[in-house]
Each structure stands twice: as structure tokens, then as C-alpha cells.
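> Following this message is one structure expressed as C-alpha cells.
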Amino acid sequence: MLVYTIRRLFQTIPVIIGVTLVVFFMMHLIPGDPAQIIAGERADEAQVEQMRDRLGLNDPYYVQYTRFVTDAAQGDLGNSVRSGRAVSSEIGARFWITVELAFYSTLLSIFIGLIAGIVSATRRNSFLDMFIMIFALFGLSMPNFWLGLMLIQYFALNFDWLPVSGWGSPQQLLLPVITLGTAGAAIIARMTRSSMLEVIHQDYIRTARAKGVKERYVIYKHALRNALIPVVTVVGLQFGVLLGGAVLTETVFAINGLGRFVVEAIRMRDFPIVQGSVLVLAMLFVFVNFLVDISYRVLNKRIELD
Amino acid sequence: MAETTVNASTQETKRINPQIENMKTMWRKLKTNRIAMAGGILILFFIVVSIIGPYFTSLDPNAPDVSSRLQGPSSEHWFGTDHHGRDIFTRIIHGMSITLYIGFSSVAIGMVVGVLIGIIAGYYGKRTDAILMRIMDVFLAFPGILLALGIVAVLGGSINNVIIAIAIFSIPVFARIVRGSTLAVRKLEYIDAVRALGASDFRIIFRHILPNILSPIIVQATLRIATAVLTASGLSFLGLGAQPPTPEWGAMLAAGRNYMWEHPHIALFPGLAIVAVVLAFNLFGDGVRDALDPKIKS
């Protein structure tokens, strides 16, 4: 297991290098002169030249890239063009809000997705199964920002049950988490159902039933455990989708997270902020994928050993 | 030895056009799948609406009409009017072609590039494979729409840039699937046979491997269009895609945001339009998957 963990850790290195390269070149692919953009449109030639010097844009690319990576590793992601403050401190607090939002939404989608998937699989082709699957198909086909708008319209404005926007109190969490978690719940429900159905038809389940093992026990002890393995992978991927989706959800609910911050930074053409935020979110996703692979391995191992 | 050559060449002549042969079998399987057919008919309907719909609407989608601002649904304005007095139904009909255009073209570009990368990686293996797939891993490391967002940030917000962004973000998905399928097909005997006959790599890839891995590509393409439509409308909603007054549905939702609390119909109908199109592609994709590729799971 330790060997596997270390090997998997080494595999993330080329990906991390690649991600930093992409983010680094993002800045240089912007049409126009980055120094001009950062110095501002009204800056004169001398100011732009000074900015170019300060940013080290006259150095060869590999020198600039090395500097970018060493600075980033030390938590220095440059300064915001707008506020002049360090990107890392601007990102800091907002980052945790986004992580929190994505984490709760993942929990919700696992919880609802698993229950719905199991119910669907064990009552295959029943009315309930059909209902759940149609519901899941809709959940998958809805733009999350629109779902958010509709939830605000009905639950926050028409009935006045929940707050319209913000983040912090449990009431404020509910609507954004439902907004962001719905698509994930739908995907996990469909995955759990098909995975369960596949497992249920296998010989060892038939054997367990033939031995007279109670149905409930067959489902939860034997079938579910094996059916969960592919679901774990989906959950990991889904976390990434949620991190991306947080951009829209945060915008709809005016949550002061990293996603909304990125969008504002793009509008303001504050590229150091965009660069830093994209880098941080991608790194988080690489880390989560690493954790998912490890837990996948653990789950698999435990079943092998049983 | 002589015998095997003869066998292989008769097989060659019998399957004069493997692509067409393959398409026919697929169509036969598809026809019996009710879900796929339902989705397919819906998609066809939307395509027809996008082409002829604009000729049937008498109102201008972009002309403001101050006298009829913010009206609810009525017999005159089926879906009501927005804050400029424009007819929402007309705008949705005109927006259909934009949505489908973005969905189809972005996935087509992403598919062509992704399939090429995947097939080259899978066919040549070794270092080519390792290098190409590591690059794909890097693109997959950007969570969800974040990569598309980054690309739009660099290129600027417009419909064409959204297409490029979504195409790039679809490439690794196709590359991965195609690489896997290519690996499986490459090892089969008939590939060895055509290679022994002296077929070039190019011919083997396009005449013999590609036709045999079409199913997973088609399944992925249809499901991917659903994702593309969702992503594009999201980018436009954020103000980074289609710009007002373009009747793009995400942009319509963004523009109507300040008025929708008092007049819910402004947000309801463009959203429902997105759901309808995405649902049609998801239905079709689900059905196609069940019909063509029972092994692939969502």
C-alpha cells in the first residue's frame, strides 16, 4: 500500500508540472502585452517598460517559468492588478468557502445519490424506479445556475423560508448546496443503480441467497460493497465538476468564494488573480484525485482480502 | 502461408466498405431502442425549429418595444416579454440555432482532435502514448468548466471563443476513450492480417481501426453535446460567452436577472429551453449507449 501511494504520488508530478506550464502560458497567450495590461491602459511607454522590468518579462521564458514555480511554491502568486494586494491573501479566505461549498454539495450528492440508486436497483422497473430515474435525468439536464435561480424564486422569495444569498449560517448553506449537488446526486444515483444491477446478477449473490442469507443482508453486505467501487471514482470526478460548477452557484447566490472571484477578475482583466485562482483550484483537484485513487485501492484491497 | 493470404484478401473484398456496413448494423440496433428514438426525434425537432422557426415568428427578436415591457404570458406573447418588451418566445426560437451551433461545432472539433490523439496514442503505444496521454492528463486536471473559463479569459468572450474553449475541454475525454478502444482492437488478429498484407499505418488506422471503435465515439459525442450546451449557457450567463442582445439562452437569463424576481417568466422559459435540449441529447445518448455499447457505463 505504501509503495502504491508513493508511486501514485510520483505520477502526479508530471501532471503538476503540466498544470503550472499551462497556467504560466495562459498569461503569455493573452492578446496584447501583459505588462501593458498590468500597468493599466493609461500607462505611458516608460511605465510599461518599468512594469516589464519589474515582472521580469524581458527574461527568457524558462527563467520566467522557473521563477513563477518557485514563487508559487512559496505561496507568492504575484499581486492583484486592481487592489495591489498579494494574490495569495486575496485567494486565501475565498478558497475555503469554495472548498466548503463543494464539500457539502459532494456529501449531499453522495447521500441522495446512493439512497436513490439503491432503491432504484432493488425495486427495478417499479414505478418508484422509473420516477427516480426520470428525476435523475432531469437533474442531469438542468443548468445549475438556473436551478439556483428557481430555488431562490420559490423558496426564498415566494415563501420566504430561506435567505436569498450569502454564506455562513446553515440556512444560507441549504439552497446553494442543493443547487450544486443536484447534478452530482443524479449521476451517482444512475451509477449506483447500474453498478448494483450488475453485481446483483453475479454468482456469489445468487449463492448467498441460496444459502438463505437475508435479503437485506445480501443487498447491504454483499452487493453494495462491491457496487460501491466504481461509484468512488465517479465521486472523485464529480468533486472536480463541483469545483467548476461552484463558479456559477457562487455567482447566483452572491457567495464570496473563489469561483465568483475568478469571474470578477476575468471581467476586470485582473490576470494575476485569474492565474492564481485557476492554479489553486487545479492543484486541489489533482490532490483530490490522488486521495480518490488511494481510497479506491483501499476499498478494492479490503474486498480482495475478505 | 498462401492460404492465409487468400483468406485475408477475400475477407477484404467482402467487406468493401466497413464503415457503411458498421453504420447499418448500428442503425438496426438503434431503431429498436425506444429511448434513443425518443431523444433522436426530439433532437430532429429542435434542428427543424432552429432552421425554419425564425421564418414563422413575425416579431423581431432584438427590437425593443417599450410599450409592452415585462408582460406575462398571453395569447399574443406566449412566453411573455422581457425588460425591453421583446417577445421571449421569439427570442428562444431564434436562440435555438445558436445553442445547437455551439453544441455541434464544439463537440465536432473536440471529437476530431481527440479521436486523432487517442488513436495515435493507442496505435503507436510506447513513448508516443505516454507523452500524448500525460498531456491529456494535464487538461483533465482542470476541474469542470474551469479550463473553458481560463481559455475564454485569455481569448475574450464571444460565441466562437466559447466553441474553441469547449472543444479544447472535450479533447481529452475523446482521446482517453479512443485510446482504450484502440488498444483493444489493435491486438486483434485481423489487424495483424491486414498489416501482413502490407497495409500502411494510415490505412490500418482509418479503414480498419476507426470503423470498429465508432460506437463508443458516437455515444460520447451525443452525451458530450449535452455537456457542451450546459457549459456554453453557463459561460454566457457569466457574461463570458454570447453577448447581449444575442438571444442566447444563458445570456437571456443573465440579462433578465434583475427583473425575474417580480416577473418569474423571464427566467423560467429560457431555462426550460436549455433543459429541453440537454434532456434530448442525454436521452439519445443513453439510448445509443444501451443499444450500441452495453459495456460502457455512465
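> Going highest first, how would you order B:127-138, A:63-74 by mean Cβ packing within 10 Å?
B:127-138, A:63-74
> Given H placed 1.01 Å from N in the peptide plane, which residues other than close sequence neighbours of A:Asn79 have an amide H under 5 Å from its amide H?
Amide H to amide H, under 5 Å and 5 or more residues apart or across chains, A:Asn79 pairs with A:Val87.
> Highest mean first, how do B:157-163, B:62-68 rank when packing is the count of other Cβ atoms within 10 Å averaged over residues?
Top of the packing list down: B:157-163, B:62-68.
> Further question on the same structure: Per-residue HN-Hα couplings for segment A:167-181, Karplus 6.51 cos²θ - 1.76 cosθ + 1.60 at θ = phi - 60°, whole Hz, x for Gly and Pro?
8, x, 6, x, 5, 6, 6, 4, 5, x, 5, 5, 4, 7, x
> Where the centre of each part is set by its Cα atoms, how far does segment A:16-73 sit from segment B:31-109, in angstrom?
Result: 44 Å between the Cα centres.
> Rank the residues A:Val231, A:Val292 as a footprinting-exposure proxy: fewest other Cβ atoms within 10 Å of their Cβ go first.
With the sparsest Cβ surroundings first, the list reads A:Val292, A:Val231.
> Let me confirm one metric for peptide A:182-190, namely the mean number of other chain beta-carbon atoms within 10 Å of its residues' beta-carbons. All intermediate terms of the calculation are to be shown ahead of the outcome.
Numbers: counts 0, 1, 0, 0, 1, 1, 1, 0, 3.
What the average comes to for A:182-190 is 1.
> Let me ask another. First check a/c for chain A, with a ≥ b ≥ c the square roots of the eigenvalues of its C-alpha gyration tensor; if it is under 1.5, answer rounded, and if not, answer prolate when a/b is larger than b/c or oblate otherwise.
Since a/c reaches 1.5 but b/c is at least a/b, the shape of chain A is classed as oblate.
> Next up: Using the count of nearby Cβ atoms within 10 Å as a rough guide to exposure, how do B:Ser58, A:Ser141 rank from fewest to most? Please list the in-between numbers first.
On the way: B:Ser58 7, A:Ser141 22.
Fewest-to-most Cβ neighbours within 10 Å comes out as B:Ser58, A:Ser141.
> Still on this structure: In what order do A:Asp203, A:Asp76 fall by count of nearby beta-carbon atoms within 10 Å, going from fewest to most?
Ordered by Cβ neighbours within 10 Å, fewest first: A:Asp203, A:Asp76.
> Determine the calculated [θ] at 222 nm for chain A from helices alone, applying -39500 (n - 2.57) to every DSSP H run no shorter than 4 residues and normalising by the residue count; nearest 500 deg cm²/dmol.
The per-residue figure over chain A is -26000 deg cm²/dmol.
> Apply the membrane-span-like helix rule to chain B: whole DSSP H runs, Cα extent along the own long axis of at least 27 Å, mean Kyte-Doolittle hydropathy at least 1.0. List the helices found.
Length and hydropathy pass: B:34-56, B:88-124, B:159-186, B:214-237, B:265-292.
> Once you order the gyration tensor axes a ≥ b ≥ c over the Cα atoms, which shape class does the protein assembly as shown get: rounded for a/c under 1.5, otherwise prolate or oblate by comparing a/b with b/c?
rounded
> For the pair A:Asn256/B:Asp192, report the inter-label distance in nm, with labels modelled 7 Å from Cα in the Cβ direction.
Placing both labels 7 Å along Cα→Cβ, they lie 6.7 nm apart.
> Testing the spin-label approximation: label points 7 Å from Cα along Cα→Cβ at A:Lys221 and A:Thr233. State their distance in nm.
Label at A:Lys221, label at A:Thr233, 2.9 nm between them.
> Another question, if that's okay. For segment B:180-210, which chymotrypsin sites (Phe, Trp or Tyr not before Pro) pass both filters: DSSP loop (anything but H, G, I, E, B) and at most 10 other C-beta atoms within 10 Å?
Sparse-neighbourhood loop chymotrypsin sites (Phe, Trp or Tyr not before Pro): none present.
Each reported figure results from applying straightforward, stated rules to the coordinates on display, with no laboratory input. These figures come from a predicted structure and were not determined experimentally. Every residue, glycine as well, gets a Cβ built from its backbone with ideal geometry; the counts of neighbours run over all protein chains shown.
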